[in-house]
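Below is one structure, written out as structure tokens; comments come after it.
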Amino acid sequence: MSETFSLEVPSDQKPPSRFPWMPVVAALLILSFAAYFYIPPGPSRHSASPTAQARLPFGPLEQSYAPNVHIENISLERSENFLQQEVTTLAGEAVNAGTQPLRDAEITIEFYDELHQIVLRETRSILTGSQPLAPGERREFEIAFEHIPSSWNSDHPVVKVTGLLFTNVK
């Protein structure tokens, strides 16, 4: 009596699937990475950066008054913060030589390279959160810059008044 045993070896072939899942999953992953890197982020819950804040008005009235707002005693200082990053601080005084009290003033600071090309331009408010700057009054301000390009020529930047907000808007 001889018995025959047969062994069934499972085949490595799977039945054909009806839908190609792997290419779809790969395409979705690629699209999600592309969206992450190429689509700008929406509104943030964090406070806005100084350069992303709302701009102050600078229409004909403000432009005609701007020569009365002087930025004086500008000084630059480079130091290291607690994270051991180099920080450049611009200090100065805002002087209201006109007849209108100012609630806020905005200045634009431009840093240049050796070829006199702008390497950094930032606009900052200098009177925010303080009492209005009365006619004839002067007030100190200080602005810190953490990332000035290495191509900066280390000269004093150009500082211009580019926005004003009067206390009594007419």
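Residue count for region 139-152 under the criterion of being surrounded by 14 or more Cβ atoms within 10 Å (Cβ to Cβ) and not hydrophobic (A, V, I, L, M, F, W, C): the result is 1. Scanning region 134-163 for residues that are touching a Ser or Thr at 6+ places or on another chain (Cβ under 7 Å) and of a type in the set (Asp, Glu) yields a total of 1. Total residues in region 116-137 satisfying the condition of being surrounded by 14 or more Cβ atoms within 10 Å (Cβ to Cβ) and either among the charged types (D, E, K, R) or assigned to a strand (DSSP E or B) (or both): the figure is 8.
May I ask you to verify whether Phe111 is among the aromatic types (Phe, Trp, Tyr) and at pLDDT below 95? Against the criterion (among the aromatic types (Phe, Trp, Tyr) and at pLDDT below 95), Phe111 does not qualify. For region 60-72, the condition holds for no residue, the condition being that it is part of a strand (DSSP E or B) and over 14 Å from Arg139 (Cβ atoms). For region 96-115, the candidate set comprises residues that are assigned to a loop (DSSP other than H, G, I, E, B) and in contact (Cβ under 8 Å) with a residue 24 or more places away in the chain; within that set, the residue that is farthest from the chain's Cα centre (by Cα) is Thr99.
The values are calculated or read from the model by the stated rules, or taken from the named source; none is laboratory data. Note that the coordinates shown come from a computational prediction; the quantities given were computed from them, not determined experimentally. Here Cβ is always computed from backbone atoms with ideal geometry, including for glycine, and neighbour counts include all displayed protein chains.
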